[in-house]
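The next block holds one structure in the form of structure tokens; read it before the comments.
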Amino acid sequence: MDPAAEHRQQLRSLRDFLLVYNRMTELCFRHCVCSLNYRLLTGREESCLDSCAARLVRANHRLMGAYVGLVPALLQRRAAEHSAAGASDPPGPAPGPAAPSPDAPAAGT
């Protein structure tokens with residue numbers, strides 16, 4: 001992989017991480033923080049945020065583990081279909097999250 005493509009992949013990975021992190025933060029904050037009248041979180045809010053974040057991280061790890069386990073089989077099946085078709089069709093996009101269309105509204109709006 002050339003350096004420019006590797007850099008783009010690293011930027012995509014960072015963007016995906018930040019999207020997941022921001023979404024998790026927003027979800028847990030809305031679920032756990034009841035009042036903004038105080039400077040510090042209450043013990044109950046802190047505990048709720050800790051458990052909320054831990055649950056979401058565990059769920060994300062399980063999903064990533066399943067995804068990593070499925071990718072080789074998907075790629076192998078796609079390669080078999082491609083070779084069976086006589087290599088006349090170009091291969092499709094790699095499996096993974098689809099890029100949002102330019103017309104789609106931004107998340108959270």
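The values are calculated or read from the model by the stated rules, or taken from the named source; none is laboratory data. No experiment lies behind these values; they were computed from the predicted model shown. No Cβ is skipped: glycine too gets one built from the backbone with ideal geometry, and neighbour counts run over all protein chains shown. When the accessible area is computed, the model is the full protein with side chains, heavy atoms only, and any ligands, DNA or RNA have been set aside. Shrake-Rupley method; radii C 1.70, N 1.55, O 1.52, S 1.80 Å.
Each residue in segment 36-50 was checked for being part of a loop (DSSP other than H, G, I, E, B) and under 20 Å from residue 24 (Cβ atoms), and 2 of them qualify.
Within segment 63-84, residues that are part of a helix (DSSP H, G or I) sit with their Cβ atoms under 6 Å from residues that are at pLDDT below 90, at 6+ positions apart or across chains, in these pairs: 74/95; 82/91. Filter segment 1-51 for residues that are closer than 17 Å to residue 64 by Cα and of a type in the set (D, E, K, R) and give the result. Once the filter is applied, which keeps residues that are closer than 17 Å to residue 64 by Cα and of a type in the set (D, E, K, R), segment 1-51 yields 12, 15, 16, 23. Against the definition (open to solvent by less than 60 Å² (accessible area, probe 1.4 Å), modelled with pLDDT under 90 and in contact with a helix residue (DSSP H, G or I) (Cβ under 9 Å, 6 or more places away or on another chain)), how does residue 96 come out, yes or no? Judged against the criteria, residue 96 is a match. Which members of segment 16-45 meet the condition of being among the acidic types (Asp, Glu) and surrounded by fewer than 11 Cβ atoms within 10 Å (Cβ to Cβ)? Result: no residue meets the conditions.
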